[in-house]
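For reference, the structure discussed in these notes is given below.
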Protein chains: 2
Amino acid sequence: MANHPYIILVEPQLCENVGMAARAMKNCGLENLRLVKPRENHLSDKALAASSNSPEILQNAQVFDSLSDALGDLHYVFATTARHRDQTKMVYDAPQAAAEIANHIAREEKCGLVFGPERTGLRNEDVSLCDAIINIPLNPQHCSLNLSQAVLLAGYEYYKTTIGQTKPYFETNHTRLADKEKVLLFCRNLEGRLSNFANFTDEAKKDKLVLNLRNIFTRAQLTEQELNTLYGIVNYLAEGDFSSDGW
Amino acid sequence: MANHPYIILVEPQLCENVGMAARAMKNCGLENLRLVKPRENHLSDKALAASSNSPEILQNAQVFDSLSDALGDLHYVFATTARHRDQTKMVYDAPQAAAEIANHIAREEKCGLVFGPERTGLRNEDVSLCDAIINIPLNPQHCSLNLSQAVLLAGYEYYKTTIGQTKPYFETNHTRLADKEKVLLFCRNLEGRLSNFANFTDEAKKDKLVLNLRNIFTRAQLTEQELNTLYGIVNYLAEGDFSSDGW
């Protein structure tokens, strides 16, 4: 298994939450699950159903009697907690913690993310076994997260560090953005048909309207196919010509 | 209500998912929920229980007969979808989309995030009413998210834009980091007690050991209280002196 962070759930109460945590792990490309004294059977039908096609994460989960056993072979471990713990420890938000984990993993050290029981969270003695604390930035008036959602947010921030920066992109339906010559030709064609249009009889108003129209059709980032459609529509409106090919 | 983004759920199937989405919204400081033809009653006991103390979001939710009605007074709207839609539209990942939404909100424009039904996602005609697409970066082999988890991730990225950059910080239990003079004094005190310790009889080895010890106690970022504890321990080990005050 790849050296991704280990997700360690301490005394989870409900097996559905363990299943949903497994699903969230799979969403984030994680696969190493450890359970410390789970109250319910993590291989029950309820847990498997909640995992939504991620049974292998539950089946491969390792079960331990104590958190110290579960952390034994790991090198750097974060405790997740929203409460101030009166302990002396670095506190990172989730993106910073993800970057720190990525650093350790690059050095082939094994990392863990430790989550406490649903109602109570981690005990102070559990936190003391961890190197640092993750604080997920959320509404301070309502920061209690479902267990699987806490796993999802921490895992999501880690996943983002593994894929590098993505860029916004333009999704098209197998056509290309029209080049400026074609867009301007369309605008001129349209302007040519507006000679008797109200504002076009006043030269100053006409110039302003031409600018506005060109801005509209430039800003719309028209594809060649869309430009073709607009030609057809303008032709049809002006002449009743229903040919869709206006070039 | 503050001008935060509107969360718009199109034909949600299960009222628990609507409740959990309300909980996720509250986690992210969001409060404006719109529902388009929900199949179940979003004010049922099941929905309210799933919302985990966020009943006001469900009670204030607005219900519409169509997505176009639900979007009527909004200015900029993202469709959430993991599938390629064969449409011509900008696709942003969740952090980029959050930044774009923050820009619109700064201009006092109303923004929306549109989520489709649990099993099928948004229809193409729904996507065509939206300005752009959000693609949440997740494991491409398993990117199907529970509805409330999709709301959580999109809302979380927006929430982060509202709080500015946070910095890692050092949480302490009402004590301060010890200053360098105190740390060095402790190291010298310890070194002074090691005169007959194996490596200290060899000058070259001693120098190396001194460096190592100073690195250990410097890297540990000791607080004044912890340094005090260590003094007590060293005294006890060396002399059987159990006084906890070693200064």
**Every residue from segment B:177-186 that is buried (at least 16 other Cβ atoms within 10 Å of the Cβ) and in a loop (DSSP other than H, G, I, E, B)** = B:Ala178
**Request:** Report yes if some residue within segment A:161-170 is surrounded by 15 or more Cβ atoms within 10 Å (Cβ to Cβ), among the charged types (D, E, K, R) and out of contact with any Gly (no Cβ under 7 Å at 6 or more places or on another chain); otherwise report no.
**Result:** no
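Based on what the data block shows, is B:Arg123 away from chain A (no Cβ under 14 Å) and at pLDDT below 95? Lay out the reasoning, then the answer.
Numbers: away from chain A (no Cβ under 14 Å): yes; at pLDDT below 95: yes.
Taking the combined requirement at face value, the residue satisfies it.
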**Prompt:** Only one of B:Leu33, B:Leu67, B:Leu43, B:Leu9 is at negative phi, away from every other protein chain (no Cβ under 14 Å) and surrounded by fewer than 23 Cβ atoms within 10 Å (Cβ to Cβ); which?
**Reply:** B:Leu43
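I want to confirm something. Restricting to segment A:161-173 and keeping residues that are assigned to a loop (DSSP other than H, G, I, E, B) and of a type in the set (Ser, Thr, Tyr), which single residue is nearest to A:Ile101 (Cα to Cα)?
Residues of segment A:161-173 assigned to a loop (DSSP other than H, G, I, E, B): A:164-168, A:172-173.
Restricting the remaining residues to those that are of a type in the set (Ser, Thr, Tyr) gives A:166, A:172.
Working: A:Thr166: 20, A:Thr172: 37 Å.
Out of the qualifying residues, it is A:Thr166.
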**Fill in**
Taking segment A:90-122 and the residues there that are of a type in the set (D, E, K, R) and out of contact with any strand residue (DSSP E or B) (no Cβ under 8 Å at 6 or more places or on another chain), the one that is nearest to B:Leu222 (Cα to Cα) would be A:Arg107
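For the structure I just gave you, tell me whether B:Asn27 is within 13 Å of chain A (Cβ to nearest Cβ), among the polar types (S, T, N, Q), touching a helix residue (DSSP H, G or I) at 6+ places or on another chain (Cβ under 6 Å) and crowded, with 21+ Cβ neighbours inside 10 Å. Show your work before the answer.
Details: within 13 Å of chain A (Cβ to nearest Cβ): yes; among the polar types (S, T, N, Q): yes; touching a helix residue (DSSP H, G or I) at 6+ places or on another chain (Cβ under 6 Å): no; crowded, with 21+ Cβ neighbours inside 10 Å: yes.
Taking the combined requirement at face value, the residue does not satisfy it.
Return a yes/no flag: does segment B:207-216 have any residue that is surrounded by fewer than 13 Cβ atoms within 10 Å (Cβ to Cβ), more than 11 Å from every other protein chain (Cβ to nearest Cβ), in a helix (DSSP H, G or I) and charged (D, E, K, R).
Our first condition is that a residue be surrounded by fewer than 13 Cβ atoms within 10 Å (Cβ to Cβ); within segment B:207-216, this holds for B:207-208, B:211-212, B:215-216.
Of the ones still in play, those that are also more than 11 Å from every other protein chain (Cβ to nearest Cβ) are B:207-208, B:211-212, B:215-216.
Now drop any that are not in a helix (DSSP H, G or I), which leaves B:207-208, B:211-212, B:215-216.
Add one more test, that the residue is charged (D, E, K, R), and what stays is B:207-208.
Looking through segment B:207-216, at least one residue is surrounded by fewer than 13 Cβ atoms within 10 Å (Cβ to Cβ), more than 11 Å from every other protein chain (Cβ to nearest Cβ), in a helix (DSSP H, G or I) and charged (D, E, K, R).
Residue by residue, here is whether (1) assigned to a helix (DSSP H, G or I); (2) facing chain B (nearest Cβ under 9 Å); (3) among the aliphatic types (A, V, I, L, M); (4) crowded, with 16+ Cβ neighbours inside 10 Å holds:
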{"position": "A:Asn139", "(1), (2), (3), (4)": "no, yes, no, yes"}
{"position": "A:His142", "(1), (2), (3), (4)": "no, yes, no, yes"}
{"position": "A:Val151", "(1), (2), (3), (4)": "yes, no, yes, yes"}
{"position": "A:Tyr156", "(1), (2), (3), (4)": "yes, yes, no, yes"}
{"position": "A:Tyr159", "(1), (2), (3), (4)": "yes, yes, no, yes"}
{"position": "A:Thr175", "(1), (2), (3), (4)": "no, yes, no, no"}
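Criterion first (within 14 Å of chain B (Cβ to nearest Cβ) and on the phi > 0 side of the Ramachandran plot) does A:Gly164 satisfy it?
On the way: within 14 Å of chain B (Cβ to nearest Cβ): yes; on the phi > 0 side of the Ramachandran plot: yes.
Answer is yes for this residue.
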**Complete:** For segment A:128-137 the number of residues that are within 11 Å of chain B (Cβ to nearest Cβ) and either surrounded by 22 or more Cβ atoms within 10 Å (Cβ to Cβ) or within 24 Å of the chain's Cα centre (by Cα) (or both) is 5
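State yes or no: is A:Ala21 within 20 Å of the chain's Cα centre (by Cα) and either outside any strand (DSSP E or B) or surrounded by 24 or more Cβ atoms within 10 Å (Cβ to Cβ) (or both)? Can you show your working first?
Details: within 20 Å of the chain's Cα centre (by Cα): yes; either outside any strand (DSSP E or B) or surrounded by 24 or more Cβ atoms within 10 Å (Cβ to Cβ) (or both): yes.
For A:Ala21, the condition - within 20 Å of the chain's Cα centre (by Cα) and either outside any strand (DSSP E or B) or surrounded by 24 or more Cβ atoms within 10 Å (Cβ to Cβ) (or both) - is met.
Residues checked against (1) closer than 16 Å to A:Leu33 by Cβ; (2) more than 14 Å from chain B (Cβ to nearest Cβ); (3) touching a Lys or Arg at 6+ places or on another chain (Cβ under 9 Å):
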residue: A:Ala61; (1), (2), (3): yes, yes, yes
residue: A:Arg83; (1), (2), (3): no, no, no
residue: A:Thr88; (1), (2), (3): no, no, no
residue: A:Ala99; (1), (2), (3): no, no, no
residue: A:Glu109; (1), (2), (3): no, yes, no
residue: A:Gly112; (1), (2), (3): yes, yes, yes
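Evaluate segment A:178-191: report whether one residue or more is more than 14 Å from chain B (Cβ to nearest Cβ) and closer than 24 Å to A:Ile7 by Cα. Can you show your working first?
Of all residues in segment A:178-191, those more than 14 Å from chain B (Cβ to nearest Cβ) come to A:179-191.
Narrowing further to those that are closer than 24 Å to A:Ile7 by Cα: none.
No, there is no match, as no residue in segment A:178-191 is more than 14 Å from chain B (Cβ to nearest Cβ) and closer than 24 Å to A:Ile7 by Cα.
The values are calculated or read from the model by the stated rules, or taken from the named source; none is laboratory data. Since the structure is predicted, the reported quantities are computational estimates derived from the model, not experimental observations. Counting neighbours? That spans all protein chains shown, and the Cβs are built from the backbone with ideal geometry, glycine included.
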